[in-house]
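Written below as structure tokens is the structure these notes are about.
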Amino acid sequence: MMQKFSRFLFCFIFFAVPLLNSAENERPPLIAIVAAYDGEMKAIRDEIEGEEITEEVTINGVKFSLGTAYGKDVIFFTTFVSTTNAAMNTQLALNRFPIKTLLFSGVAGGINWDLHKGDVAIPAKWHYVLEGALFNKKEDGSGKYEVDDSGWSDYKYGNFGMIHPDDVWVIREGMERPQKKAFFEADSELLKLSGKVADGMTLRNAKGEKAVIQVGGVGGSSPAFLDNAEFREFIHHAWGTDCIDMESAPIAHVCWVNRVPCLIIRSLSDLAGGQKGKNEFQEHAKAAEHNAARVLNEILKSLD
């Protein structure tokens, strides 16, 4: 009897899983609206008018809310903070749902001295900060490092002490072998739309002045929260980076692999160590969350 039940259970699981995946794939193409954590997502949902959630699905602990906004089919989810969570849960979403476009809204640390808390950056491309190698110092007292030809770093970005950054190895369908890639690009059409939207918007930064909405430029991501003035300056000079966070580069990386157009909108909650005294993230995060969300909201309205 137990053997027959086991066979039945196996057959049920074997056939049910494809049926579930098939049902998910029968959904219309979706616009993914993404944030890293609940505060960012709440700001997005507060700014969007007249959304209607028709279904909620939880997979591996991640809640996906499906519905419509401005007559468009959408799916909301949070990746959770960190480069690893961002990559893992973005890929989970793309595996399970027919996502045609991904829009992300959230906060970041400012690295470009011309941008202030509350300003908005919509980078054209994203890079990793801590790919590379950590080397020992030479014992000759020269202050140089025992770099080698192992391929862990090409040394083109210089170094910050023992940290020798490098590009990341990548591969996707159509490539015969992995290669190094420096940046993961935002979708060019979404960037053009962002520029048009930004021209018609007025936001306020932490100074009470009209906020800058910078379309283009460079963003960076690191698995570590950055609050160090010296390392901040190194990153800006090495890559020309405008802002830094803990999720965007891996999200853009996953979208590149899957050929899904993406756009990432970040408002500055702090200066990543460029301030005097303690980091001001807690003080300015909520306002920054809403500034980024307002820009995403206008872009979503304007999408075809």
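Taking the criterion of being surrounded by 11 or more Cβ atoms within 10 Å (Cβ to Cβ), modelled with pLDDT under 95, more than 24 Å from residue 268 (Cα to Cα) and not basic (Lys, Arg), would at least one residue in segment 170-184 satisfy it? No, segment 170-184 contains no residue that is surrounded by 11 or more Cβ atoms within 10 Å (Cβ to Cβ), modelled with pLDDT under 95, more than 24 Å from residue 268 (Cα to Cα) and not basic (Lys, Arg). Only a single item in (1) closer than 21 Å to residue 185 by Cα; (2) under 18 Å from the mean Cα position of the chain (by Cα) is not met by residue 75, and it is number (1).
Annotation: residue 142 fulfils all but one of (1) at pLDDT 95 or above; (2) over 26 Å from residue 253 (Cα atoms); (3) among the hydroxyl-bearing types (Ser, Thr, Tyr); the unmet one is (1). Scanning segment 208-231 for residues that are of a type in the set (D, E, K, R) and touching a Lys or Arg at 6+ places or on another chain (Cβ under 8 Å) returns a single hit, 210. Within segment 279-301, residues that are charged (D, E, K, R) reach partners that are outside any helix (DSSP H, G or I) and surrounded by fewer than 22 Cβ atoms within 10 Å (Cβ to Cβ) with beta carbons closer than 8 Å, at six or more positions or on different chains, in the pairs 294/201; 294/203; 298/200; 298/201; 301/70. Total residues in segment 114-125 satisfying the condition of being of a type in the set (Lys, Arg) and either in a loop (DSSP other than H, G, I, E, B) or under 23 Å from residue 285 (Cβ atoms) (or both): the figure is 1. Where helices (runs of 4 or more DSSP H) fall wholly inside segment 199-304, the ranges with 1 or more residues that are of a type in the set (Val, Ile, Thr) and over 28 Å from residue 159 (Cβ atoms) are 248-258, 281-302.
Among the criteria (1) over 17 Å from the mean Cα position of the chain (by Cα); (2) touching a residue at least 40 places away in the same chain (Cβ under 8 Å), the one residue 108 does not fulfil is (1). Considered as a group, the residues in segment 21-75 that are part of a loop (DSSP other than H, G, I, E, B) and in contact with a Pro (Cβ under 6 Å, 6 or more places away or on another chain) include one that is surrounded by the most Cβ atoms within 10 Å (Cβ to Cβ), and that residue is 27. Candidates in segment 258-277 are the residues that are modelled with pLDDT under 95 and among the aliphatic types (A, V, I, L, M); of these, the one that is surrounded by the most Cβ atoms within 10 Å (Cβ to Cβ) is 272. Being of a type in the set (S, T, N, Q), more than 22 Å from residue 262 (Cα to Cα) and at pLDDT 95 or above is a description that applies to residue 54.
Look at residue 86 and say whether it is outside any strand (DSSP E or B), among the hydrophobic types (A, V, I, L, M, F, W, C) and buried (at least 24 other Cβ atoms within 10 Å of the Cβ). So residue 86 passes the test. Cβ separations smaller than 9 Å between residues 6+ apart or across chains give the following pairs from segment 142-159 residues that are of a type in the set (A, V, I, L, M, F, W, C) to residues that are part of a loop (DSSP other than H, G, I, E, B): 147/135; 147/153; 147/155; 147/159; 152/135; 152/166.
The values are calculated or read from the model by the stated rules, or taken from the named source; none is laboratory data. Just so you know, these numbers come straight off a predicted model, no measurement behind them. So basically every Cβ, Gly included, is an ideal-geometry build from the backbone, and we count neighbours across all protein chains shown.
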